[in-house]
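For reference, the structure is listed below as structure tokens.
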Amino acid sequence: MTWTPSATRRLGTAAAIVTLAILPLSGCLYAQIPAAVPSEAPSPGTETDAPEGGTTASTLTFEEGLELADDAYIEWGDGFIADDQWETISPDDGNGGWTYGTEDGTCTVRFWQGHMTDVPVVEGDDSASSDAILGVLLETPTADITPVATTGEFSYMTGGTGGVEMRQVSAVDGSRSWLMAARAFTQTGVGLYTIVDCTANDAEKIMDAVNEANAIVVTP
């Protein structure tokens with residue numbers, strides 16, 4: 001199954017959450033997000049190129065994440081690194097985060113991977129803990145995130161495959177749109193997220209491109 005726009009629910013009446021994330025339209029969305037991300041990147045800490053080969057496993061649901069070895073290494077496979085349609089806005093900052101932008105400058109995509117030491121993790125519940133990551137980003141209690149977030153999928157091991165369950169929220173403000181998606185792995189204490197921010201109403205389309213080219217890579 002691949003990620004589709006229908007997987008995302010608009011925040012709608014959850015205006016309080018949107019207000020926390022989007023201030024008057026100036027600059028990128030994550031310029032308004034707290035500087036402190038959940039924690040530093042795991043070590044060794046840099047993203048890898050997206051792998052070319054497939055894998056025998058095809059899914060990594062929230063429940064399947066609990067079956068991972070506690071020392072499994074989980075990271076983004078970077079499919080934009082050699083893609084001429086994307087340019088580097090900010091390289092890996094050493095804390096697990098980096099940002100790409102579209103050639104026309106209308107959208108940016110922020111990636112992050114790291115340990116969840118500052119996230120109110122729910123042990124043994126990757127779904128609730130994924131909501132908790134979103135809550136940290138939006139400075140909002142997890143209990144307020146869960147009712148408005150939906151379950152979607154990142155790609156697993158190779159782009160375009162889907163299979164990794166994640167939690168996401170999105171919103172549209174005039175012509176601007178944004179989408180945040182996160183996955184927590186409580187078995188390993190690691191989390192990943194991406195934030196799509198577009199000056200046009202293209203966040204869902206760009207999220208499709210993210211999942212087509214990028215993947216969650218697990219090394220036993």
Among the residues listed as Thr142, Thr146, Thr161, the single one being in contact (Cβ under 8 Å) with a residue 60 or more places away in the chain and either among the β-branched types (Val, Ile, Thr) or open to solvent by 30 Å² or more (accessible area, probe 1.4 Å) (or both): Thr161
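For the range 105-133, name all the residues that are under 30 Å from Asp84 (Cα atoms), under 14 Å from the mean Cα position of the chain (by Cα) and among the hydrophobic types (A, V, I, L, M, F, W, C). Show your work before the answer.
Looking only at the range 105-133, we keep the residues that are under 30 Å from Asp84 (Cα atoms), and these are 105-114.
Now drop any that are not under 14 Å from the mean Cα position of the chain (by Cα), which leaves 108-114.
Of everything in the range 105-133, those that are under 30 Å from Asp84 (Cα atoms), under 14 Å from the mean Cα position of the chain (by Cα) and among the hydrophobic types (A, V, I, L, M, F, W, C) turn out to be Val109, Phe111, Trp112.
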Restricting the range 78-93 to residues that are at pLDDT below 95 and of a type in the set (A, V, I, L, M), the residue that is surrounded by the fewest Cβ atoms within 10 Å (Cβ to Cβ): Ala82
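Matching residues to (1) at pLDDT 95 or above; (2) among the acidic types (Asp, Glu); (3) over 24 Å from Ser58 (Cα atoms):
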| position | (1), (2), (3) |
| --- | --- |
| Asn95 | no, no, yes |
| Gly135 | yes, no, yes |
| Arg176 | no, no, yes |
| Ala181 | yes, no, no |
| Leu192 | yes, no, no |
| Val196 | yes, no, yes |
Among the residues in the range 82-89, are any assigned to a strand (DSSP E or B) and touching a residue at least 24 places away in the same chain (Cβ under 8 Å)? no
Identify, by number, the condition in (1) open to solvent by less than 20 Å² (accessible area, probe 1.4 Å); (2) assigned to a loop (DSSP other than H, G, I, E, B) that Met207 doesn't meet. (2)
Report yes if Glu153 is more than 17 Å from Met180 (Cβ to Cβ) and charged (D, E, K, R), otherwise no. no
When (1) over 25 Å from Ala209 (Cβ atoms); (2) in contact (Cβ under 8 Å) with a residue 40 or more places away in the chain; (3) out of contact with any Ser or Thr (no Cβ under 9 Å at 6 or more places or on another chain) are applied to Gly174, the one that fails is (1)
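The values are calculated or read from the model by the stated rules, or taken from the named source; none is laboratory data. This is a predicted model, so every value here is computed, not measured. Because the Cβ atoms are built from the backbone with ideal geometry, glycine has one as well, and the counts that use them run over all protein chains shown. Side chains included, ligands, DNA and RNA excluded: accessible areas come from the protein's heavy atoms. Shrake-Rupley method; radii C 1.70, N 1.55, O 1.52, S 1.80 Å.
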